[in-house]
């Protein structure tokens, strides 16, 4: 696989690595690893593009302590002949800033294929893996390059965060990758990332999310008209799933011109990604068995657009989960 990857990245053009717009640790680590491989094995200039924002405190700390640099995608002037690699996302998805007319040279992701990508020169989709960082770790091992401590720390944290410390959707490949990486990690920097300091607004947001949470039978939903950053909805959904009365947790929040949705479940026989795709549309959502996320555009001309759209999303979700007729109960 490594030979095919390097072949797809060959050529004089600099490499533009594009994770999804609001990258999480798995996306950031995967992008950093691909950049490192391109530089070490091909002596190729490479940049990691940022289409959205990095808002979560742990993710910002990751950038700071592991020296991961991001360049705004608007400053890179993407063209049809640009050499682009997508990591932790796929062409045509609403969660990345790749123009539809550009065919990426490389796509590496741990989500299932959402379309036919036969035109992509190098495609590595392993939806049986728990993290894209695991795939990149295998490339690093195959390349036999020196494993820098900061890169090892990034990849280890990417796997750990994506699989909740190897407890959610982790596979033997994820466990093997984490075991390989751990001795090379910088434990002090890893602790600073995992325990990143947060401002008071973070606690206000969680306070509001808890106050707004409503239980419908085995589903808990929290609608936030506005969030400080898109990843907040994922944090809230993860937190709400700890409630022992429910099997599904959904957080919905408006940010800018989009409504962001995160869905979590403890059920093993229902695919959260499939459920959210049915709610938002195939191109607007994706995920795995237990986790899913997506976004939909809001009409800027409509007053309280986020609130109205969130109510529609909530009602669709409850109908799919057979909880539409359940009497709503406030969480607190």
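Just so you know, all these numbers are worked out from the coordinates, no wet-lab data involved. All of these numbers come straight from a predicted model, not from anything done at the bench.
Two numbers describe the Cα atoms of the stretch 1-160: Rg and Dmax, which are 14.1, 38 Å. Summed over qualifying helices (DSSP H, 4 residues or more, each -39500 (n - 2.57)) and divided by its residue number, the chain shows a 222 nm mean residue ellipticity of -11500 deg cm²/dmol.
Relative contact order of the chain, please, whole-number percent, based on alpha carbon pairs below 8 angstrom and at least 6 residues apart.
Computed value for the chain: 15 percent relative contact order.
Across all directions, the shadow cast by the convex hull of the stretch 207-283 built on its C-alpha atoms averages 5.3 square nanometres. Relative contact order for the stretch 2-194: 24 percent, from Cα pairs under 8 Å spaced at least 6 residues apart, divided by residue count. With 5 Å bins beginning at zero, the pair-distance distribution over Cα atoms of the stretch 1-57 amounts to 4, 19, 27, 23, 14, 8, 4, 1 %. Over the chain, one equal point on each Cα, no solvent: what is log10 I(q)/I(0) by the Debye formula at q = 0.14 Å⁻¹? Values, matching the q order: -1.11. Translational diffusion of the stretch 200-330, estimated by Stokes-Einstein from the Kirkwood radius over alpha carbon pairs at 10 °C in a medium of 1.306 mPa s, is 111 µm² per second. Rounded, prolate or oblate, given the Cα gyration tensor of the stretch 123-221, with a/c below 1.5 counting as rounded? In terms of gyration-tensor shape, oblate.
Have a look at the DSSP beta bridges in the chain and tell me what percent are antiparallel, nearest 5.
The antiparallel fraction comes to roughly 50 percent.
Stretched out straight at 0.36 nm per residue, the stretch from residue 268 to residue 128 would grow longer than its current Cα-Cα span by 49.0 nm.
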